[in-house]
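Report on the following structure.
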Amino acid sequence: MKDTRTLVGDEIIDHVSTLVEDVFARLAAVRSGAEALLAEDSLRARDLARLRPEVVGALGELVTGAGFITAPNLLVDQELGFQWWTLTPGEEPVQLLISLDPASEHFLDYTRQPWFTIPRETAQRHITGPYVDYLCSDEYALTFTVPLNIRQGFAGVVGADVFVKDFERAVFPHLRDFRGRAALVNSQGRFIVSNNVGQATGALARELDVPAWWSAGAIPRAENGVVLRRCGETPIALVAEQAGSAAS
């Protein structure tokens, strides 16, 4: 392990951290509204529509979709609950309707999706992706989710979708200006965006064991000219290789 004073990429890390925190901040009103609903007795599926103003208010900037997804059996009149709205530039927000009927051939069991299961299991906010969002857009996306808990335990998640192309547009100027190779990866070591065309979105950074590094505490590391640093308190890391380093 090298002296952390040799680490680089502060400007990239600060910018990414700000972008991510801004997305999570847009979910604050949705979370507060959902918590208010959860404080009521006999919550029904139709009651979720009362969150529309908060959800629609979260849309914009990088956020193309947002909503509240309930834990199973939270509602008194159906097993699952899903309130999600999407935004296309220049158009009005549209509610995303999915089949919540297990008997339907189009049923979506969201309780198996990592954007739902990981916050449920860790009680921590999470970013899922990059992955191709076949449900909403057929685009590479990142899904930001925050768990909600009540006295009885896990009650669901509030979340937001961000297209990778929009995230890339926001961060790429900083990656482009970096003097060397630089990429952002998720906690599984998959590339989100890179200034190197050989590091495609969704591909694994096979030369680095990012999951093991993350599990060990994500301590900043600089070895053989390659820097690995977490972007603030976000579940995204910077992998950077300075021009002229031993590894380049």
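List of remarks:
Each row is one residue, and each column tells you yes or no for (1) modelled with pLDDT of 95 or more; (2) over 16 Å from the mean Cα position of the chain (by Cα); (3) surrounded by fewer than 18 Cβ atoms within 10 Å (Cβ to Cβ).
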residue	(1), (2), (3)
LEU48	yes, yes, no
ARG52	yes, yes, yes
VAL55	yes, yes, no
LEU62	yes, no, no
GLY67	yes, no, no
SER104	no, yes, yes
LEU108	no, yes, yes
THR117	yes, no, yes
ASP138	no, yes, yes
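- Lone qualifier among LEU142, LEU135, LEU175, LEU208 - being of a type outside the set (Gly, Ala, Ser) and assigned to a strand (DSSP E or B): LEU142
- Residue among ALA170, ALA160 that alone is of a type in the set (Gly, Ala, Ser), touching a Lys or Arg at 6+ places or on another chain (Cβ under 8 Å) and either under 17 Å from ILE12 (Cβ atoms) or at pLDDT 95 or above (or both): ALA160
- Scanning segment 197-243 for residues that are open to solvent by 50 Å² or more (accessible area, probe 1.4 Å), touching a residue at least 24 places away in the same chain (Cβ under 8 Å) and either of a type in the set (Gly, Ala, Ser) or under 19 Å from LYS165 (Cα atoms) (or both) turns up just one, ALA243.
- Only residues that are open to solvent by 50 Å² or more (accessible area, probe 1.4 Å) and either touching a residue at least 60 places away in the same chain (Cβ under 8 Å) or among the charged types (D, E, K, R) (or both) were counted in segment 161-179, giving 6.
- Of the residues examined, LEU74 is one that is surrounded by 15 or more Cβ atoms within 10 Å (Cβ to Cβ), over 25 Å from LEU204 (Cα atoms) and touching a strand residue (DSSP E or B) at 6+ places or on another chain (Cβ under 7 Å).
- Of the residues screened, VAL185 is not one that is open to solvent by 10 Å² or more (accessible area, probe 1.4 Å) and not small (Gly, Ala, Ser).
- Here ARG125 qualifies as surrounded by 17 or more Cβ atoms within 10 Å (Cβ to Cβ), under 14 Å from PHE144 (Cα atoms) and modelled with pLDDT under 95.
- Among the residues of segment 120-132, those identified as under 23 Å from ASP22 (Cβ atoms) and outside any strand (DSSP E or B) are THR122, ALA123, GLN124, ARG125.
- Filter result for VAL158 (part of a strand (DSSP E or B), aliphatic (A, V, I, L, M) and surrounded by fewer than 20 Cβ atoms within 10 Å (Cβ to Cβ)): no
- Qualifying residue in segment 24-37 (condition: in contact with a helix residue (DSSP H, G or I) (Cβ under 9 Å, 6 or more places away or on another chain), open to solvent by 50 Å² or more (accessible area, probe 1.4 Å) and touching a residue at least 60 places away in the same chain (Cβ under 8 Å)): yes
- Within segment 73-104, being within 19 Å of ASP138 (Cβ to Cβ) and touching a Pro at 6+ places or on another chain (Cβ under 8 Å) holds for TRP85, THR86, LEU87.
The values are calculated or read from the model by the stated rules, or taken from the named source; none is laboratory data. These numbers come from a predicted model, not from an experiment. No Cβ is skipped: glycine too gets one built from the backbone with ideal geometry, and neighbour counts run over all protein chains shown. Side chains included, ligands, DNA and RNA excluded: accessible areas come from the protein's heavy atoms. Shrake-Rupley method; radii C 1.70, N 1.55, O 1.52, S 1.80 Å.
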